[in-house]
Amino acid sequence: MNRNVPRTPFATPLSGSAREIRMRLEYIRSGPKRRPPAPLLVLVAVVCLLCGNLVSCQMWEETPTALDGTAQNGPVLTRYDLPGEGVREMTLEGRWVLSLEDVPVADDDTAQITELVCRDLETGAYEIWESLYYNPYGGAADTIRLYPFENIMGHSGVLLSSQVEYTDGGVPVARLFICNGGVPTLIARCEGTLYTSQVDGFDILLAAHPYGYDGRRSGATLYWQEGDGTLRSRPLREALQNFLGLSWDVLVSLSLEVLEEEGALSLCWQPQGAPVQTVDLPLPELLAYAREQAARGEEVPVDHVNGQLLKLVLEEHRLESEYGWDTFEVDRILVYQGEQLIQTLLPEDWLGSAEFGLFVCDGDGLGSLGQPLTLDLNWDGVQDFGLMCIEGGARNVPYLYFVWNGEGFSPVAVLCAPAEVDLESRQIVERVCEGNGVDTVNWYEFGGGSQLELVRSETNTVPDGMG
């Protein structure tokens, strides 16, 4: 795809940090500046003519450029096509058989489930890796197939492709699994056309789909693997909205187009009452910004112990959903006393109580909730802390609370936040909105051990019937 004129409105090639790119975009959006005086323009034109005469006397060797298709200065995007027609059954490593099995839904002749089942030929054990729920009419089930894949983000495995789900226009959905000893790991769930590339030492996968949640907005998702093996992904619509500093209204009109040979993504948007604007962003800049925004470390001061600051460092990653920009999931909690690391809390320490994980929300939809909360729950004079254990807002927002035990923090209970401390009874108070004008208040206290025990509960009806 050769072009005589570059599509990008930038005067210089995109390079450098995300901050530099953002500055260039802001300069473009700010509009034309005041023109210099006419005499100065005339003087510049005369100087250019004189210089042109000198240049025309020199001989230059013609050098191929990326625009004429004879050289490529950056990565290109290679479309990934499914190999062959696909199968409904395949064997892995001579031991595990993967098969697609159709299961009619009882008492519902308009729905069907196709399960991806893995059977162990040695033990006879089986496991359902994935279930697809769909309308069986129109031959849709015939589009569900299994394919082997190789060297996508440095991995090889099994790709489950289907066109039976909620997507418009029969756009395929691809699920990429890797298998280690019969144990599956889903490394990507992609919609639309797949592209692969290598960018700055990273093997990436780009999925571009021609529609959004409303059936008319196009979008794309970028997948990559970090050096430590962590797999990341980032839906690009909202990421680019934040990158460009655009309003929410503009996001609705923003569309994306893949430029394969240029190794870029073309953005097109139209602010209200303004002309359409287009910018081409090369893959290195997209990947740099996506990686910059994908994870963070957040410091949370808790209290002072023996004259030293007791603080948390929350290692978090941003949720991988189009509208999850403001929400982060906690990967690790590092506890510091002064400069010394005294404890490391991992998911296995809290998933028994908070099965969906721990989260921090920066958005304003939850008010003061969403952020880490601190209060002294066990009356030892040291503040304890709690973290949200659902992804988004709800009538009741549960928090998992951790208490100081003298050497570190221990998880004790999930309570609807914000929990309160009754100074007179020295009990912990939880308020639960049951809905339909009904509220429940629970009182807890620590028993013989470190666990909370419910000592009293009262349910009340709000007089105006609002809940």
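Points worth noting:
- Residues that are surrounded by fewer than 20 Cβ atoms within 10 Å (Cβ to Cβ) and among the hydrophobic types (A, V, I, L, M, F, W, C) within the stretch 220-237 comprise just one, L231.
- Only a single item in (1) open to solvent by less than 70 Å² (accessible area, probe 1.4 Å); (2) assigned to a strand (DSSP E or B) is not met by G363, and it is number (2).
- Filtered by the rule that a residue be out of contact with any Leu (no Cβ under 9 Å at 6 or more places or on another chain), closer than 20 Å to E445 by Cβ and part of a loop (DSSP other than H, G, I, E, B), the stretch 366-383 gives D376, N378, W379, D380, G381.
- Lone unmet requirement of (1) open to solvent by less than 30 Å² (accessible area, probe 1.4 Å); (2) closer than 22 Å to L377 by Cβ for F328: (2)
- Residues of the stretch 202-213 satisfying the condition of being modelled with pLDDT under 90, open to solvent by 30 Å² or more (accessible area, probe 1.4 Å) and more than 15 Å from L265 (Cα to Cα): Y213
- Pairs with Cβ under 7 Å, 6+ apart, first in the stretch 173-186 and under 22 Å from L206 (Cα atoms), second outside any strand (DSSP E or B) and open to solvent by 10 Å² or more (accessible area, probe 1.4 Å): V173/E165; V173/T167
- Looking only at the stretch 278-304, and only at residues there that are assigned to a strand (DSSP E or B) and in contact with a helix residue (DSSP H, G or I) (Cβ under 8 Å, 6 or more places away or on another chain), the one that is nearest to D326 (Cα to Cα): L281
- For D439, the requirement of being touching a Cys at 6+ places or on another chain (Cβ under 7 Å) and of a type outside the set (A, V, I, L, M) is met.
- Scanning the stretch 335-357 finds no residues that are in a strand (DSSP E or B), modelled with pLDDT of 90 or more, within 20 Å of the chain's Cα centre (by Cα) and within 18 Å of I390 (Cβ to Cβ).
- Only one of the numbered conditions (1) over 23 Å from E320 (Cα atoms); (2) surrounded by fewer than 18 Cβ atoms within 10 Å (Cβ to Cβ); (3) modelled with pLDDT of 85 or more is not met by R189, and that is (1).
- Members of the stretch 65-98 found to be farther than 21 Å from C190 by Cα, surrounded by 13 or more Cβ atoms within 10 Å (Cβ to Cβ) and at pLDDT 90 or above, listed by number: M90, L92, R95, W96, V97
- Single condition G381 does not satisfy, out of (1) touching a residue at least 24 places away in the same chain (Cβ under 8 Å); (2) farther than 21 Å from R296 by Cα: (1)
- Filtered residue count, the stretch 116-136, keeping only those that are on the phi < 0 side of the Ramachandran plot, open to solvent by 40 Å² or more (accessible area, probe 1.4 Å) and either part of a strand (DSSP E or B) or not charged (D, E, K, R) (or both): 11
Yes/no matrix, rows are residues, columns are (1) open to solvent by 50 Å² or more (accessible area, probe 1.4 Å); (2) out of contact with any strand residue (DSSP E or B) (no Cβ under 8 Å at 6 or more places or on another chain):
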site: Q371; (1), (2): yes, no
site: G381; (1), (2): yes, yes
site: M388; (1), (2): no, no
site: P398; (1), (2): no, no
site: V403; (1), (2): no, no
site: E424; (1), (2): yes, yes
site: I428; (1), (2): no, no
site: N442; (1), (2): no, no
site: E458; (1), (2): yes, no
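- Among the residues listed as P184, P275, P271, the single one being at pLDDT 90 or above, more than 20 Å from the chain's Cα centre (by Cα) and either surrounded by fewer than 21 Cβ atoms within 10 Å (Cβ to Cβ) or in a helix (DSSP H, G or I) (or both): P184
- If you filter the stretch 358-383 down to residues that are more than 16 Å from F409 (Cα to Cα) and acidic (D, E), you find that the one that is modelled with the lowest pLDDT is D364.
- Of the strands (runs of 3 or more DSSP E) lying entirely inside the stretch 384-464, the ones with 2 or more residues being over 30 Å from E348 (Cα atoms) and either over 36 Å from the mean Cα position of the chain (by Cα) or modelled with pLDDT under 95 (or both) are found at 427-435, 438-446, 452-461.
- The number of residues in the stretch 444-454 being open to solvent by 70 Å² or more (accessible area, probe 1.4 Å) and either under 16 Å from P418 (Cβ atoms) or touching a Gly at 6+ places or on another chain (Cβ under 7 Å) (or both) comes to 1.
- Near pairs, Cβ below 8 angstrom, 6+ apart or cross-chain, from the stretch 239-259 (modelled with pLDDT under 70) to any residue that is crowded, with 17+ Cβ neighbours inside 10 Å and of a type in the set (G, A, S): none
The values are calculated or read from the model by the stated rules, or taken from the named source; none is laboratory data. All figures in this text were calculated on a predicted structure; none of them were measured in a lab. Note: ideal-geometry Cβ built from the backbone for every residue, glycine included; neighbour counts use all protein chains shown. SASA here: full protein model, heavy atoms, side chains in, ligands and nucleic acids out. Shrake-Rupley method; radii C 1.70, N 1.55, O 1.52, S 1.80 Å.
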